[in-house]
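Report on the following structure.
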Amino acid sequence: MIEIRQLQKFLHGGGHRVDILNGIDLTIPNGEFVAITGASGSGKTTLLSLIAGLDAPSAGSICIDGQDITKLGEDALAELRGRRFGFVFQNFHLIPTLTALENVILSAELNGTAGAHKKSKDLLGTVGLGERLDHYPSQLSGGEQQRLSLARAFVNDPEYVLADEPTGNLDSTNSDRVLDLIGELHRVRQATVLMVTHEPPVANRSQRILTMADGRIVSDEPSRASA
């Protein structure tokens, strides 16, 4: 479970304080699929980065299954991310000199996942890349690269998957396919999924939609899919 209390993030510049997040309180039960939406600059990506331990809050707490990660050092945070989190980014962040299979295997091996080769190969088959194992990212379409990112994110059976605009660079066909895969992997692997998006149809593929504005959560409702 993710429990966030009075979370704030602000920066100082030019003699002024700029508030990015303003006292957010939020609880996300294990296994839930949550979309975080809102206009550009509303704070949604900052919130995701703080939950991942990629940035430090100015005040407040973020507890993952009872552990306040804001009190952890960088080494402990890195271990937490590797062991319990999977990430899907808008711009893929694949290693260009590694094949599709090697990109996934590397993630598995870095985290000590047993049977890394077979598990990576099987998962690439699940996301429709079973015939593309030896292709490099530059040889894959945008939709294929994002499906490769999904395989990499799920290979270590993460408890939490954080997706930042996972369909932002995709056409409607590939967007639908990636969302179908995220939904399927969420159901099968029972991971908690937090997905940032500015697109209402994408948000409605989740179970719960948080809408942000001016660094606050202004709406917290079930999605149409779960209504």
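Things worth noting here:
- Here the dipole of the chain is about 120 debye; that uses its Cα centre as origin and unit charges on the Cβ of Lys and Arg (positive) and Asp and Glu (negative).
- Over the chain, relative contact order from alpha-carbon pairs under 8 Å, at least 6 apart, %: 28
- Whole-Å distance, taken between Cα centres, linking the range 118-155 and the range 49-111: 20
- Furthest towards positive pole of dipole, Pro158, Gln146, Gly115, structure part the range 109-191, Cβ charges: Gly115
- Overall Cα dimensions of the chain, principal axis frame, Å, largest first: 53, 39, 36
- Kirkwood hydrodynamic radius (C-alpha pairs) into Stokes-Einstein, the range 27-131, 10 °C and 1.306 mPa s, D in µm²/s: 98
- Among Leu194, Leu210, Leu26, residue whose mean-square fluctuation peaks in a GNM of the chain (springs only between Cα atoms under 10 Å): Leu26
- With R₀ fixed at 35 Å, the C-beta to C-beta distance from Arg5 to Leu106 puts the FRET efficiency at about 0.45.
- Helix-only mean residue ellipticity at 222 nm for the chain, each DSSP H run of n ≥ 4 adding -39500 (n - 2.57), per residue, nearest 500: -10000 deg cm²/dmol
- When you count the other C-beta atoms within 10 angstrom of each residue and take the mean per peptide, 177-188, 10-21 line up highest first as 177-188, 10-21.
- Simple label model, 7 Å out from Cα along Cβ direction - Leu98 to Gln190, nm: 2.8
- Segment Ser141-Thr113, extension gain: residue separation times 0.36 nm, minus the distance between their alpha carbons: 7.3 nm
Taken together, the values in this text are just the output of simple stated rules run on the coordinates, not laboratory data. Quick caveat: nothing in here was measured; it's all calculated off a predicted structure. All Cβ positions, glycine included, derive from the backbone under ideal geometry; neighbour counts span all protein chains shown.
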